[in-house]
Amino acid sequence: MPKFPEAPAGLARRQKEVVLRASVSPYHLFRDTAEVTVFRENLLSWYDREKRDLPWRRRAEGEVDPDRRAYAVWVSEVMLQQTQVATVIDYYTRWMQKWPTLQDLASASLEEVNQLWAGLGYYSRGRRLQEGAQKVVEELGGHVPHTAETLQKLLPGVGRYTAGAIASIAFGQATGVVDGNVVRVLCRVRAIGADSGSTFVSQQLWSLAQQLVDPARPGDFNQAAMELGATVCTPQHPRCSQCPVQSVCRAHQRVEREQLVASQSLPGSPDVEECAPSAGQCQLCAPPTEPWDQTLGVANFPRKASRRPPREECSATCVLEQPRALGGARILLVQRPKSGLLAGLWEFPSVTAEPSGQCQREALLRELQSWVGPLPATHLQHLGQVVHTFSHIKLTYQVYGLALEGQIPVTITPPGARWLTREEFHTAAVSTAMKKVFRVYEGQRPGTCKGSKRSQVSAPSTQRKPSPGQQVLDSFFRPHHPTGVSSLNSMAQ
């Protein structure tokens, strides 16, 4: 087959990669098999002694069926993304009790998935996990792909890290993984001070992880590296004296060198290896503008990436209650759109509001009326505010309350709305933010504080007069308009 000239863009990219590789000192790499062997053996011996007893590890180790084993790992890895182990344990246990197999999860409703996931955050994870289970059952014959490449290619929501974790732990593929804990371990072991979030440094870290993974025990090795970062090589106050790979840790060697120089116990510079790039500034070292901080020690690595502050937004939300409803007091919840932030979850009727608060009460009243029709003369009361931070949004909820006292109970609701008891609310698919809102309402329920100076806005008096046959019903209910759930729709997941 004849060779065609390489496209200019491809040639330029390859030339750039060559230049970058040339500007990386061997100091940041593992240069011989003996050093790699020491790292593997010490890490795995430590893991065998010190690993935590976690439910997903017990389930994976005791499961003979490879697809069920992969499912057990898959669920745990998705739940553990951006979430602490202590929080995940209870959610994982309840999830596996409810849906012990891929087939069970695939047949569940999204409402059930959201309900169990409520409070865990990053709600799209649960939805994508179920979508993945449905694809395995409906399109892949019930069998989970065995390699990291096919897992990432075929399953929705499975990225490079999750694919590598499933492939190595469940199927024994010798593939490395890089999560936040592994980034920290590798950056310290090889004294990588450049921005770990950059494409080039990320590529180097994945290359190191692949080089280090033990082909005989890839799953255990990857879990050991993550365990080390979570329990010993922690972001702050790392326990270096308990680290099994201290002998090959460049960051620890750097600390010792700096201490020797500072104490002037030896004349001149101690005989400790340093980074010496062949030309120019090493692409894996910290930039000259960020000098070594003696007080941080090994925590000089990795370099802290600068984060953009979350954008600030405001919403007005109302807890609308029927205290005298049949079967006990009930509160109104409406369902969010099927896409976007908190997709498919339930919330109190809300509207996007300006931080200044201009016109938010009137807008909120109109929103309430879109769900329950003309409101009685009960006053809408401002109760306080709740601030909740999502990954990229700091959202301030202005909390209102309105009780339909002494009225005929509303028994009909439009699609996308529900009247729930308090008990049902606490087990419903609602976000942590809505639970915070409800706590404010419970603490300052309208009408419970005499002499309150809370802001009040009455329902508008210009209302459509119902026909005689519909007078009772229309006084509480009007069909839902297309923009009924208007708050937060523009936010990305």
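Computed from the coordinates by the stated procedures, all read-outs in this text should not be read as laboratory data. These numbers were taken from a predicted model, which means no experiment stands behind them. Ideal geometry is used to build each Cβ from the backbone, glycine not excepted, and the neighbour counts take in all protein chains shown.
A few points about this structure:
- Peptide ranges 425-435, 178-188, 138-148 listed from the most packed, as the mean C-beta count within 10 angstrom indicates: 178-188, 425-435, 138-148
- Centroid-to-centroid separation of the range 31-101 and the range 206-232 [C-alpha atoms, Å]: 12 Å
- Amide H contacts under 5 Å for S350: S486, S487, restricted to partners 5 or more places along the chain or on a different chain, H placed in the peptide plane at 1.01 Å from N.
- Relative contact order, whole percent, for the range 171-320 stands at 35, derived from Cα pairs under 8 Å and 6 or more residues apart.
- Listed residue pairs exceeding 30 Å between alpha carbons, taken from K51/K436; K98/K435; K135/K338; K51/K338; K153/K394; K135/K304: K51/K436; K51/K338; K153/K394; K135/K304
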